[in-house]
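This report concerns only the one structure given below.
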């Protein structure tokens, strides 16, 4: 099939994001909400579904949900209710989940995110509270059930089907994650499962407004995988339509659930949904409907911190950062905080940003750690930038200093420079002059090339000087010296 | 001692005329000798009870503060948790299940010095009107051992009738405290929905269930309501109301109170029940009450409404019984599906299964609007009609049941059994308080019950009206001949 | 008035509510269910057009909700004491093939 065909189609994507709230206790049960402990050690009678137990709502979960609603500019329902959703599965302590089907706590709202530098506002359909299920561990001849996670408060955020590419999906998801971190609603740890994404995707000819059958992709546990899965599924669906032009489109793709296979790099069918599951939703009789006062909601809205998108705009306008750079900082709240901490000692925001998102990020990439958890104080990175800006060390030396900072996170870069003679700038102009002279003597052709107009020849000469000085000579000085000396050398051309 | 009311026993204990240990030994002895005939208790905890009794005696000796129920022995329906003891719900499914926490009512009772002697029999998972659905044991009516005690709290009412202990707790979803109380000739009270905590009561119909006290007299009912009738943080449907002083509230006179009777709704009442009911009304008139006619014809839909809502809720409440985390797992089961399917079919009795199927059906896609949602709307109408009736009167009176206790096995048709609750069921739908007081006997010397229903939150008024009735007609003090003796 | 229930429905229900019904039990169960469902059909007569199914329910405000304290705890041994089968601190079940709905 001709790959250019894909350009005639577009994806229509909706994302359902489940986020575990970071409350101390569970949603309806007073057991601890904590990951990683021994199985069945964070349980109570309620979250193990013991007979005779009743759900009682955790007010902090409600507060965080309201805060999220405000951050999403959504309507926070003054009246919302809970429903029972019935299905049998071992990780479900009651074989019904308590969720909000008919009347959720959050309705509407939106998330604005830059996609390739252009802001897009993504509509949100609704968000509601529900309790999480336990965990199954699969073995060969049996499975084990751990109820530590059962009952943990979840907010499920459902977007409108207003996402039209994997890029947009990633931008939306990252922006949503950043918001959740900024309001301290969740630790959004995808490895631990406190942020989970399901995507619904259908395709349609570009420009059409129809909504064809969609499939669901579950268990997308990284943004990268989500992007790959959506791209792969987009292509798969388009191919199905294009290669069966005489078949009724509604018969070509039918509702089903897929998962992303990272090894095969394709979406794999999990199960078909010929008939929708009958969850038999009905009002939860053990929980009176929740009524929130306007004052309560307003008070929470007043406490909204600066949100990621606002912060991004501020970085662009105040510090002149590019939108890509600003986005990288802002999407990870701790990194943005770290950046602002660094700005307390150094004023070169662009350079500081580069050191954070490029230089140090690269140094930590393979170790799996991150700069802001490495123990290197933000002020040290600021000081490093200052050292360069004040001409005390060259950029090249700074990279070596950075390497040492990674090895010794508690060591002040100024001290590193002081203690290391190799890092001292070459201040002795005589020594430098001698080196410049030598380089010029050894490269007469380059001199002539430069005089003939080849700019690259000058750069070559600079490079040669730097090689000898091992980066210790400040480039501005090298340039100045070379230019002066070259201008004194006679042009060989008459 | 068995003829003493709990109030008197408690007073005698306070006055140091008798020890808690003596009281407990006495009733344990009665249970040992007589329970075999009536099958009221499923399990008894002699060691636990005696240990508590001795501790209480110690407390009294050292001058410690004694609770309002100090020294009073109590039986608890076996769908209410006492930590560490079995809660079987009279089901094979839970035959080996030990409660992992105390019900709030258990904590409250024991906190006031009551001593729990054991757990009483019920229809399996509280589903039934005769206690014949118990999968573990049969209970007989102490007035005639060939007859049923009523249900689902038949064990609790039989225990009090036979004076195996003065006070028991039952649960009432559609009449399960009031109807067996009437059948056994004792007093049974269903509080307003939310008045008593449901935490620790194995749920059947979540929007209908209430735990209620059972005793021979209204004063004993009041003693217990003073302790149990309060807000509980573990139950979100629990009313934000403080405990009330029932014992003094019930003493107030009732002259001038208007009693509403839904004559048209009662038109099919059999002759004997009607005669008994009219006599009871005369007693109320004798106290200076006015009897007025109220329209509650809507209640002809009450049984249908109830069976849709209660079974819908029950079908989800009983979903947790799956053989996975607790209860009996089928030995036949090899796959996960079989764990569910076989454990549940082997563990549940036929009536329970029926109701789960029914409840699943009325909630299922395509049928929910026609059944569950329709029933929920009719429920609203029933509440509205009761509210209108209460504009005309202070309380509503009806018989408890169309007939006295029937013979075991006499009713096989499920619908006929459901219709036993025709006068009690509307009360649960409307979340109202109601009491059954013994109102005399049939020609066959089987007890009748007189029901007084109050407006929402008027629990004390209901007890007060019943107390006044009882003063003139103390049928509750009569003991069935077979049990009217020391052992 | 008659309900729509048939024996196929009962088999579907058996799958939904996870209770095995043997072939020989089916007719009696079906008959009982039908009897009750036919009886409840009478509710269709009632005019409830102006009514919403969930009015007259008590509501709760933020003040009656629980505080966020990790409190009452169920010790694992107590929890597992009632479990039919356990392994490594977990409840043990046969291998689970299908995915959660």
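Laboratory data are not the source of any read-out in this text; all were calculated from the coordinates shown. Since the structure is predicted, the reported quantities are computational estimates derived from the model, not experimental observations. Here Cβ is always computed from backbone atoms with ideal geometry, including for glycine, and neighbour counts include all displayed protein chains.
General observations
- Spin-label pair residue A:448-residue B:47: with each label point 7 Å from Cα along the Cα-Cβ axis, the two points sit 11.1 nm from one another.
- Over all pairs of different C-alpha atoms, the range A:344-487 has a mean inverse distance whose reciprocal, the Kirkwood radius, equals 16.7 Å.
- Using only the C-alpha atoms, the convex hull of the range B:300-374 corresponds to 88 Å³ per residue.
- Hydrodynamic radius of the range A:429-488 per Kirkwood, over alpha carbon pairs, in Å: 11.2
- Descending Cα extents along the principal axes, the range A:199-309, whole Å: 59, 38, 34
- Per-residue mean of C-beta atoms belonging to partner chains within 10 Å, peptide B:236-247: 3
- The modelled label-to-label distance for the pair residue A:263/residue B:410, using points 7 Å beyond Cα in the direction of Cβ, is 7.1 nm.
- Computed Rg/Rh of the range B:177-225, alpha carbon atoms with Kirkwood Rh: 0.98
- Global size of chain C as Cα Rg and Dmax, reported in angstrom: 22.7, 58
- Relative protection proxy for B:417-430, A:386-399, from highest mean packing down: B:417-430, A:386-399 (other beta-carbon atoms within 10 angstrom).
- Cβ-Cβ FRET estimate between residue A:313 and residue A:24, R0 fixed at 30 Å, reported to 0.05: 0.30
- Mean projection area, nm², convex hull over Cα of chain A: 32.8
- As a calculated quantity, the FRET efficiency between residue A:322 and residue B:233 at R0 = 51 Å, using C-beta atoms, amounts to about 0.40.
- In this simple spin-label model, placing a label point 7 Å from the Cα along the Cα-to-Cβ direction at both residue B:487 and residue B:58 gives a separation of 2.8 nm.
- Take each residue in B:66-75, count the other chain C-beta atoms within 10 Å of its C-beta, and the mean is 0.
- In terms of packing, defined here as the mean over residues of other Cβ atoms within 10 angstrom, the peptides B:157-169, A:58-70, A:323-335 line up highest first as B:157-169, A:58-70, A:323-335.
- Rg followed by Dmax, in Å, when the protein assembly as shown is reduced to its Cα trace: 37.8, 144
- Euclidean distance between Cα centres, the range C:49-83 to the range A:294-355, Å: 39
- Relative to the longest principal axis of the Cα atoms of chain A, the long axis of helix A:395-407 makes an angle of roughly 50 degrees.
- Note on A:392-401: average number of Cβ atoms from other chains within 10 Å of each residue's Cβ is 0.
- Theoretical FRET efficiency, 1/(1+(r/R0)^6), r = Cβ-Cβ of residue A:491 and residue A:350, R0 45 Å, to 0.05: 0.70
- Chain B - mean residue ellipticity at 222 nm from DSSP helices (-39,500 (n - 2.57) per run, n ≥ 4, rounded to 500): -11500 deg cm²/dmol
- Order by protection proxy (mean Cβ within 10 Å, highest first), peptides B:82-90, A:209-217: B:82-90, A:209-217
- The angle separating the long axis of helix A:429-442 from the principal Cα axis of greatest extent in chain A is about 80 degrees.
- Oblate is the label for the range A:321-407, because the ratio a/c of its alpha-carbon gyration tensor axes (a ≥ b ≥ c) is 1.5 or higher and a/b is not greater than b/c.
- The range B:370-420 shape via C-alpha gyration tensor axes, a/c threshold 1.5: oblate
- Across the alpha-carbon set of chain B, the Rg to Rh ratio works out to 0.95, Rh being the Kirkwood radius.
- Stretchable slack from residue A:334 to residue A:404, in nm (0.36 nm times residue separation minus alpha-carbon distance): 22.9 nm
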